[in-house]
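The structure appears right after this line, and notes come after that.
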Amino acid sequence: PWNFSAGPSALPEVVLQQAAAEMLDWHGSGMSVMEMSHRGKHFVQICDEAESDLRELLGLPADYAIMFMQGGGSGENAIVPMNLMGRRGSPAADFVVTGHWSKRSYKEAGRYGSAHVAASSEQAVQLDGREQGPLTWVPPVDTWQVRKESAYLHLCSNETIGGVEFMDWPDTAALGAPDVPLVIDASSHFLSRPMDVTRCGMMYAGAQKNAGPAGVTMVIARRDLIGHALPICPSAFDYANVAAEHSRYNTPPTFAIYVAGLVFKWVKANGGVAGMEAANKAKADLLYGFLDSSSFYRNPIHAPVRSRMNVPFVLRDESLNDAFLQGADAAGLTQLKGHKSVGGMRASIYNAVPLAGVSALVEYLKEFERRYG
Ligand code: PLP
């Protein structure tokens with residue numbers, strides 16, 4: 001079956017096969033990765049190699065630290081403020097709200113200091129002669145109101161539930177706030193295309209969409225932003241400790257890091273992030289192209305910011321939803337149900353979903369429309 005889950009989601013089959021083959025005996029060590037000390041030479045090799053492969057994939061310079069942490073994107077919604085918010089005195093951070101996840105980040109940060117919405121798409125607007133509903137668009141950059149004294153400006157570059165993706169983001173100097181670094185939650189499109197991480201101060205991403213199993217979060221931070229944690233920050237979540245110990249300040253999620261490392265090697269072997277982008281663009285073009293050609297289905301997102309990873313769509317006749325999902329399951333197309341907060345359907349077409357999977361989905365969409373349209 002083709003798996004369209006938003007996360008945890010499909011992983012490359014060859015990665016799963018390799019993990020299975022090495023399950024009982026990693027490289028002649030006589031141990032499973034799960035059974036190794038996180039300070040022993042085998043795991044240190046696995047972890048350091050994962051870090052250097054990721055650094056290579058992102059073209060990341062040495063003045064950025066890569067940390068493999070626990071807590072997921074939701075954990076980082078608290079860990080980031082605890083580490084960064086007090087960096088310039090009184091704790092303060094700004095947020096761009098474009099969906100469920102950026103709103104969650106904004107709300108969580110408010111527990112640690114002054115959180116301010118610099119821009120929001122929570123209201124409906126007219127754009128390009130069309131009505132755009134709440135959280136289906138990105139506020140134009142020239143409307144963002146960033147406080148100059150903020151410790152950082154946070155945005156979620158791909159809203160997994162809404163299906164809104166930033167194809168680019170502004171330099172904060174252009175917003176009149178040159179000392180305010182960007183912090184980006186890239187959880188659901190990490191490694192899906194080239195991204196210049198050096199244009200932001202920090203990026204974080206839960207692995208369980210494009211980069212591995214649940215349990216590990218990739219955290220990338222410019223080194224000068226590290227070392228300013230609020231006194232309440234737990235030591236195990238203080239970036240200064242985690243970076244100094246190369247993600248081994250305390251026991252990290254060893255098996256998840258190992259599988260993420262296999263995924264990094266798979267991305268490298270398949271054209272790197274540029275190769276991922278070419279495949280992802282072809283998949284997204286195929287799916288959106290069909291949805292736009294049909295009056296039976298509809299994707300509600302403003303076209304220039306439609307996510308290449310998470311494609312929500314609704315059936316014009318919502319009473320057919322159950323029949324649609326049952327038929328999809330029977331056709332081997334799984335986990336297409338939309339998030340409960342927006343309803344409808346959602347096809348998550350991450351790196352590990354090949355074009356053949358999206359073609360199969362489009363064929364099913366056509367067939368269902370022929371039957372019920
Ligand atoms: N941020 C984004 C963009 C997400 O998609 C998710 C989860 O789906 C999260 C944050 C929260 O991640 P977690 O469940 O790992 O805390």
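The values are calculated or read from the model by the stated rules, or taken from the named source; none is laboratory data. This structure is a prediction, so every number in the text was calculated from the model and none was measured. Glycine gets a Cβ as well: all are built from the backbone with ideal geometry, and neighbour counts include every protein chain shown. SASA here: full protein model, heavy atoms, side chains in, ligands and nucleic acids out. Shrake-Rupley method; radii C 1.70, N 1.55, O 1.52, S 1.80 Å.
Quick one: how many residues across segment 346-373 are touching a strand residue (DSSP E or B) at 6+ places or on another chain (Cβ under 9 Å) and not in a helix (DSSP H, G or I)? Full working, then the answer.
Of the residues in segment 346-373, the ones touching a strand residue (DSSP E or B) at 6+ places or on another chain (Cβ under 9 Å) are 346-350, 352-354, 356-358, 360-361, 364-365, 368-369, 372.
Cutting the leftovers down to not in a helix (DSSP H, G or I) gives us 346-350, 352-354.
Qualifying residue count for the region: 8.
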Given (1) without any contact (Cβ under 8 Å) to a residue 24 or more places away in the chain; (2) loosely packed, with under 15 Cβ neighbours inside 10 Å; (3) in contact with a strand residue (DSSP E or B) (Cβ under 7 Å, 6 or more places away or on another chain), index of the condition ARG55 fails: (2)
Strands (runs of 3 or more DSSP E) lying entirely in segment 101-164 (those with 3 or more residues that are within 16 Å of the ligand (Cβ to nearest atom) and buried (at least 24 other Cβ atoms within 10 Å of the Cβ)): 153-156
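Taking the conditions exactly as written (crowded, with 21+ Cβ neighbours inside 10 Å, within 29 Å of ASN210 (Cα to Cα) and more than 16 Å from the ligand (Cβ to nearest atom)), does VAL180 satisfy them or not? Show your work before the answer.
Working: crowded, with 21+ Cβ neighbours inside 10 Å: yes; within 29 Å of ASN210 (Cα to Cα): yes; more than 16 Å from the ligand (Cβ to nearest atom): yes.
Here the answer is yes, as VAL180 does meet what is asked.
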Any pair with Cβ under 7 angstrom, 6 or more apart, that starts in segment 152-169 at a residue that is outside the structural domain of PHE190 (by TED's automatic domain parsing) and ends at one that is open to solvent by 10 Å² or more (accessible area, probe 1.4 Å) and more than 8 Å from the ligand (Cβ to nearest atom): none
Number of positions in segment 184-214 that are of a type outside the set (A, V, I, L, M) and more than 9 Å from the ligand (Cβ to nearest atom): 12
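For TYR288, indicate whether it is open to solvent by 10 Å² or more (accessible area, probe 1.4 Å) and out of contact with any Asp or Glu (no Cβ under 9 Å at 6 or more places or on another chain). Give the steps one after another, and end with the answer.
Values: open to solvent by 10 Å² or more (accessible area, probe 1.4 Å): yes; out of contact with any Asp or Glu (no Cβ under 9 Å at 6 or more places or on another chain): yes.
Yes.
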Subset of segment 227-257 (residues that are open to solvent by less than 30 Å² (accessible area, probe 1.4 Å) and either among the β-branched types (Val, Ile, Thr) or modelled with pLDDT under 95 (or both)): VAL242, THR254, ILE257
Filter result (assigned to a strand (DSSP E or B) and out of contact with any helix residue (DSSP H, G or I) (no Cβ under 7 Å at 6 or more places or on another chain)) within segment 175-194: ILE184
The lone exception for GLY162 - which of (1) within 30 Å of ASN280 (Cα to Cα); (2) touching a Ser or Thr at 6+ places or on another chain (Cβ under 6 Å) it fails: (2)
Boolean, ALA151 is aliphatic (A, V, I, L, M), in contact with a strand residue (DSSP E or B) (Cβ under 6 Å, 6 or more places away or on another chain) and within 18 Å of ALA78 (Cβ to Cβ): yes
Qualifying positions in segment 300-310 - charged (D, E, K, R) and not in a strand (DSSP E or B): ARG308
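May I ask you to list the residues in segment 314-359 that are hydrophobic (A, V, I, L, M, F, W, C) and open to solvent by 20 Å² or more (accessible area, probe 1.4 Å)?
To start, the set of residues in segment 314-359 that are hydrophobic (A, V, I, L, M, F, W, C) comprises 314-315, 320, 323-325, 328, 330-331, 333, 336, 342, 345, 347, 349, 352-353, 355-356, 358.
Matches in segment 314-359: VAL314, LEU320, ALA323, LEU325, ALA330, ALA331, VAL342, ALA352, LEU355, ALA356.
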Any chance GLY89 is over 17 Å from the mean Cα position of the chain (by Cα) and more than 30 Å from ASP48 (Cβ to Cβ): yes
Residues satisfying the stated conditions in segment 1-43, i.e. among the aromatic types (Phe, Trp, Tyr) and within 16 Å of the ligand (Cβ to nearest atom): PHE4
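What's the total number of residues in segment 215-226 that are within 16 Å of the ligand (Cβ to nearest atom) and open to solvent by less than 30 Å² (accessible area, probe 1.4 Å)?
At the first step, the residues of segment 215-226 found to be within 16 Å of the ligand (Cβ to nearest atom) are 215-220.
Filter once more, keeping what is open to solvent by less than 30 Å² (accessible area, probe 1.4 Å): 216-220.
Within segment 215-226, residues that are within 16 Å of the ligand (Cβ to nearest atom) and open to solvent by less than 30 Å² (accessible area, probe 1.4 Å) number 5.
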Per-region count, segment 32-46, residues in a helix (DSSP H, G or I) and either in contact with a strand residue (DSSP E or B) (Cβ under 7 Å, 6 or more places away or on another chain) or among the aliphatic types (A, V, I, L, M) (or both): 4
Hits in segment 311-345 - residues which are part of a loop (DSSP other than H, G, I, E, B), in contact (Cβ under 8 Å) with a residue 40 or more places away in the chain and of a type in the set (A, V, I, L, M, F, W, C): LEU336, VAL342
